[in-house]
1. If the viscosity is 0.692 mPa s and the temperature 37 °C, what Stokes-Einstein diffusion coefficient in µm²/s follows for the range 7-113 when Rh is the Kirkwood radius over Cα pairs?
2. Return the Cα extents of the range 54-97 along principal axes one, two and three, sorted largest first, each rounded to a whole Å.
3. Points 7 angstrom from Cα along the Cβ direction at Leu218 and His53: gap in nanometres?
4. Suppose each label sits 7 Å from its Cα in the direction of the beta carbon; what would the Glu144-Ser168 distance come out to in nanometres?
5. Using just the C-alpha positions of the range 1-51 as equal point scatterers, what log10 of I(q)/I(0) does the Debye formula give at each q in 0.17, 0.20, 0.27 1/Å?
Amino acid sequence: MEEQSLHILLADDDEFFAGIVSNLLQNEYKYKITIARNGREARDLLAQAGGNHYDMVLTDYSMPEMNGIDLLKWIQDHYRETPVVMLTAAGSDVVAVEAMKLGAYDYVRKEALDLQHLGVVINATHERHQFRIAKALEEERTREIGLNNLATDKVRDVLNALTPTLNSALANINSDIENRGEELCKQLSSPQREEIHDLLQQIQKSAVLLETTIRGLLGLYRMLYAHHAEVQEIDRLKREIEGKNSSN
C-alpha cells in the first residue's frame, strides 16, 4: 500500500489501545500520530493547532468528559474541513449510523480492528476528502466564471445599446455646429464672429476626439471579449482532457 505522510489526531481514553494503534500506524504507514486521552483534550488540541494542522481525526465513541459524537459535532461546527473516522464498540450500529449522518467519513469496529483494514480506511478517507476539496474548488471556480460571464455579457449589451445613441448624438453636435454655427456667425460683428468661430471649432474638435475615444474603447472591449471567450474555450478543453486522463 502506498504510504502517505499524514498527521492524525487519535482520541481514545484507553491508553493501551491508543498506544498499540499509534505504534503500528507510525511504524507501518509512517503516519504522525498525536494522542488525546478524551474528547475534550482532542477538542483543545484542535483549537490550539487550528483546522489545517491535523489531516484527520480518529476518535473513539465512548470517552469521559466528551464522547466521540460530541467531539464530531464540535469539529463539524468549527473545523468542518477536518475528516473524522469513528471507532465504535460491538453492537454500536446506532452510534455508527449517527456518526455518518453527522458528517463522519467512516467508522471502524474496535473489536474487529486490524492494521491492514484501518490503513485502508485512513487512506480511503484521505483520498475522498481530497476529492471533495477539489470538487468544491472546481464548483466555486465554475460559479465565479459564470458570474464573470454574466457581468461581461451585461457590459457588452449596455455598450451595444449605447453605441448608436452616442454616435447619433455626436453626429447631431457636428451637424448643428456646421449649420447653425455659420448662421450665428453671420449675425455677429467681426471680432465676435472670430471668437465664436474659434469656440465652435474647439467644440467640434472635442466632439471628434470624444467619438474617436469611444470607438477605440468599444474596439478594445470587443477585442478583450473575444480573448475572454477564447480563454474560456481553452480552459474548457483543458479540463475535458484532464478529466479523460484521470478516468483512464
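Each value in this text was obtained by applying a stated rule to the coordinates, not by laboratory testing. Being a predicted model, the structure only gives us computed values, none of them experimental. Glycine also receives a Cβ, built like all others from the backbone with ideal geometry; neighbour counts cover every protein chain displayed.
1. In µm²/s, the coefficient is 243.
2. Result for the range 54-97: principal-axis Cα extents of 29, 20, 16 Å.
3. The two pseudo-label positions are separated by 6.1 nm.
4. Roughly 4.1 nm, to one decimal.
5. Taken in order of the listed q values, log10 I(q)/I(0) reads -0.53, -0.69, -1.00.
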